[in-house]
Number of protein chains: 2
Amino acid sequence: MKYGLSEACPFFFAALSNPTRLAVVELLREGPRNVTQISKALGQSQSMISHNLQALVRCRFVLPERRWKERVYFLNRETLEPLFKLVDCHVQTYCPKKCSPRKPSRG
Amino acid sequence: MKYGLSEACPFFFAALSNPTRLAVVELLREGPRNVTQISKALGQSQSMISHNLQALVRCRFVLPERRWKERVYFLNRETLEPLFKLVDCHVQTYCPKKCSPRKPSRG
DNA sequence: TATTGGTATGAAAAATGTTTCATATCATAT
DNA sequence: ATATGATATGAAACATTTTTCATACCAATA
């Protein structure tokens, strides 16, 4: 069974490796939003959110839908909920207290 | 149910968002290896592999084990196999032919 | 202790990714 | 056709990550 890790994967994980995009994901969990709403909610520029949304849409982690004259984005829960659950499980099992992102005392 | 996305997650996904590290993961799937073996197999410097392994170990996606005078690294299959299976499913469902990483014809 | 095989580390260089800014686009309504 | 509200885009500025290079470390042995 081959997943072609080195090909598609880095690209997919990269989409989720950025705080801004994760914040967008977190917000979209509450329901669909358009770019303007997201940027206001997160206090970031419309342009920045738009750029970052592209990365999420390209991977289909977020799906766009035209609604009247606006464009709303909604989360691909089918993929993301199990994904985050998995990470959550992993953290609880393998990263006890605080799995420090930087500067662990030693390897 | 809160997973604390914006906190730990970017860090975890970042570990898997790099081709070199994914290649390491792919190799370790075949079995445990030490740094020297990995670097030779991938044709990369020992230092580079070592640096990249740190990122994987910090997240506990790869676990180190002392074996005599060498140090072998083995994959945390419990987390990674389901993770990649999930991505594989996602790609098959949402990214038909070739979910181009760059330059999709349009959003 | 000196040597050897194996490994980690810090810092600079190189490569990538992110944000900003100004502007273009697009759909709808007037 | 023009105006409006909403959104996308390219390119430069800025920031972060990755790789390289030189060197230090560590455990075991002679």
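The values are calculated or read from the model by the stated rules, or taken from the named source; none is laboratory data. Computed from a predicted model, the values in this text were never measured in an experiment. Cβ atoms come from the backbone with ideal geometry, glycine included; neighbour counts cover every protein chain shown. These area figures cover heavy atoms from the full protein model, side chains too; ligands, DNA and RNA do not enter into them. Shrake-Rupley method; radii C 1.70, N 1.55, O 1.52, S 1.80 Å.
Only helices (runs of 4 or more DSSP H) whose full extent lies in segment B:2-92 are considered here, and the ones with at least 1 residues that are more than 14 Å from DNA strand C (Cβ to nearest atom) and more than 7 Å from chain A (Cβ to nearest Cβ) are B:5-15.
Any chance segment B:30-51 includes a residue that's open to solvent by 50 Å² or more (accessible area, probe 1.4 Å), in contact (Cβ under 8 Å) with a residue 40 or more places away in the chain and among the charged types (D, E, K, R)? Yes, segment B:30-51 contains at least one residue that is open to solvent by 50 Å² or more (accessible area, probe 1.4 Å), in contact (Cβ under 8 Å) with a residue 40 or more places away in the chain and among the charged types (D, E, K, R).
Evaluate segment A:81-91: report whether one residue or more is over 14 Å from B:Phe13 (Cα atoms), open to solvent by 70 Å² or more (accessible area, probe 1.4 Å) and touching a residue at least 12 places away in the same chain (Cβ under 8 Å). Checked against the condition, which is being over 14 Å from B:Phe13 (Cα atoms), open to solvent by 70 Å² or more (accessible area, probe 1.4 Å) and touching a residue at least 12 places away in the same chain (Cβ under 8 Å), segment A:81-91 yields no hits at all.
If you go through segment B:52-80 and keep only what is among the hydrophobic types (A, V, I, L, M, F, W, C) and buried (at least 17 other Cβ atoms within 10 Å of the Cβ), you end up with B:Leu53, B:Ala55, B:Leu56, B:Val57, B:Cys59, B:Phe61, B:Val62, B:Val72, B:Leu75, B:Leu80.
Checked against (1) free of Cβ contacts under 8 Å to residues at least 12 places away in the same chain; (2) under 14 Å from B:Phe12 (Cβ atoms), A:Glu26 passes all but a single condition, namely (2). Every condition in (1) under 20 Å from A:Arg58 (Cα atoms); (2) within 13 Å of DNA strand D (Cβ to nearest atom); (3) at pLDDT below 95 is met by B:Asp88 except one, and the failing one is (2).
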